[in-house]
Amino acid sequence: MPRDPTPDSWTNRAVSRRTATRAISLGVVTALAGCLGGGESEPKPEPIDLSGGKEDDQGGMVIGVHAGPNGQIFYADNAPEDHDNPAWFHTLSMGLFPYYFEHKRQGWTATAIYVTDYSTVDYELRTEEGRTFISTHIGADTFGDAEKMTYVVDSDVHGGMGPDLIPFSNGDDASSFAEEHGGTTVSFDDITQEWLDGYLQR
């Protein structure tokens, strides 16, 4: 059972040692890239903190109030209607991915996609009215590259809007989570519009 089931406690929870290790690793990679040079492409934008009452660009819900993974998308030549990049979301299955596919069809080019990385945060589970929810995290250092994640789907653990995709940068973490809570794992490339439509109809 969780020690404190309130969303506020989730967002203020200290990040794990693995988060610090990840941040150091990213710094080393960035430094090496700068030394080696090569290419005229602009550096990939870094994830931002999603606190401050930001509202989901897909559904308008306040980020950080509800359970589950969050996400953000940076675009090359476009931006959300009401604010600068990135677009931000409080759910993946009903927020980030539907938005991503819709705007991809419109010709928008994503330069970076980030989602909550449950391999690097001290997440908690809580049970309410017979359903289990996973904690939410909104700090910039709680996000990882969405395209490199392994997602747990069809588990008995929910996000803020019900069934969601639970991302892990470590595939073993994802497999262990699925073994404990049910479900299977998929990669970013497995998640297509058709796949998502079927997932949400289950």
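Among the residues of segment 41-56, which ones are within 17 Å of Thr109 (Cα to Cα) and over 14 Å from the mean Cα position of the chain (by Cα)?
If the condition is that a residue be within 17 Å of Thr109 (Cα to Cα) and over 14 Å from the mean Cα position of the chain (by Cα), then Ser41, Glu42, Pro43, Lys44, Pro45 are the ones that fit.
Of all residues in segment 68-85, how many are within 20 Å of Met149 (Cβ to Cβ) and either at pLDDT below 95 or touching a Pro at 6+ places or on another chain (Cβ under 7 Å) (or both)? Can you show your working first?
Filtering segment 68-85 for residues within 20 Å of Met149 (Cβ to Cβ) gives 68-75.
From the residues that got through so far, the ones that are either at pLDDT below 95 or touching a Pro at 6+ places or on another chain (Cβ under 7 Å) (or both) too are 69, 72-74.
Of the residues in segment 68-85, 4 are within 20 Å of Met149 (Cβ to Cβ) and either at pLDDT below 95 or touching a Pro at 6+ places or on another chain (Cβ under 7 Å) (or both).
Take the residues in segment 109-144 that are open to solvent by less than 30 Å² (accessible area, probe 1.4 Å) and among the acidic types (Asp, Glu), then tell me which one is farthest from Glu180 (Cα to Cα).
Asp117
Go through segment 114-142 and give me each residue that's touching a strand residue (DSSP E or B) at 6+ places or on another chain (Cβ under 7 Å), within 16 Å of Asp56 (Cα to Cα) and touching a residue at least 60 places away in the same chain (Cβ under 8 Å).
Answer for segment 114-142, where residues must be touching a strand residue (DSSP E or B) at 6+ places or on another chain (Cβ under 7 Å), within 16 Å of Asp56 (Cα to Cα) and touching a residue at least 60 places away in the same chain (Cβ under 8 Å): Tyr114, His137.
Has segment 168-187 got any residue that is farther than 25 Å from Lys44 by Cα, open to solvent by less than 10 Å² (accessible area, probe 1.4 Å), in contact with a Ser or Thr (Cβ under 6 Å, 6 or more places away or on another chain) and in contact (Cβ under 8 Å) with a residue 12 or more places away in the chain? Outline the logic, then answer.
Here is the first cut: in segment 168-187, the ones farther than 25 Å from Lys44 by Cα are 172-185.
In the following step, the residues that additionally are open to solvent by less than 10 Å² (accessible area, probe 1.4 Å) were identified as 174, 177.
Add one more test, that the residue is in contact with a Ser or Thr (Cβ under 6 Å, 6 or more places away or on another chain), and what stays is 174.
Filter once more, keeping what is in contact (Cβ under 8 Å) with a residue 12 or more places away in the chain: 174.
There is at least one residue in segment 168-187 that is farther than 25 Å from Lys44 by Cα, open to solvent by less than 10 Å² (accessible area, probe 1.4 Å), in contact with a Ser or Thr (Cβ under 6 Å, 6 or more places away or on another chain) and in contact (Cβ under 8 Å) with a residue 12 or more places away in the chain.
Which of the residues spanning segment 46-94 are in a helix (DSSP H, G or I) and open to solvent by 50 Å² or more (accessible area, probe 1.4 Å)?
Passing the criteria: only Met94.
Yes or no, residue by residue, for (1) closer than 24 Å to Asp49 by Cβ; (2) among the charged types (D, E, K, R):
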| site | (1), (2) |
| --- | --- |
| Glu129 | no, yes |
| Thr132 | no, no |
| Asn170 | yes, no |
| Ala174 | no, no |
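Report the residue count in segment 23-38 for those that are open to solvent by less than 70 Å² (accessible area, probe 1.4 Å) and either in a loop (DSSP other than H, G, I, E, B) or at pLDDT 90 or above (or both). Give the steps one after another, and end with the answer.
Initially, segment 23-38 is screened for residues open to solvent by less than 70 Å² (accessible area, probe 1.4 Å), giving 23, 25, 27, 31, 33-34, 37.
Subset that is either in a loop (DSSP other than H, G, I, E, B) or at pLDDT 90 or above (or both): 37.
Selection size over segment 23-38: 1.
What tally of residues in segment 69-101 results from selecting those that are within 13 Å of Pro163 (Cα to Cα) and touching a helix residue (DSSP H, G or I) at 6+ places or on another chain (Cβ under 8 Å)?
3
The values are calculated or read from the model by the stated rules, or taken from the named source; none is laboratory data. Owing to the predicted nature of the structure, the values given are computational and were not obtained by experimental measurement. With ideal geometry, Cβ positions are generated from the backbone for all residues, glycine too; neighbour counts draw on all protein chains shown. Accessible surface is based on the protein model in full, side chains and every heavy atom, while ligands, DNA and RNA are left aside. Shrake-Rupley method; radii C 1.70, N 1.55, O 1.52, S 1.80 Å.
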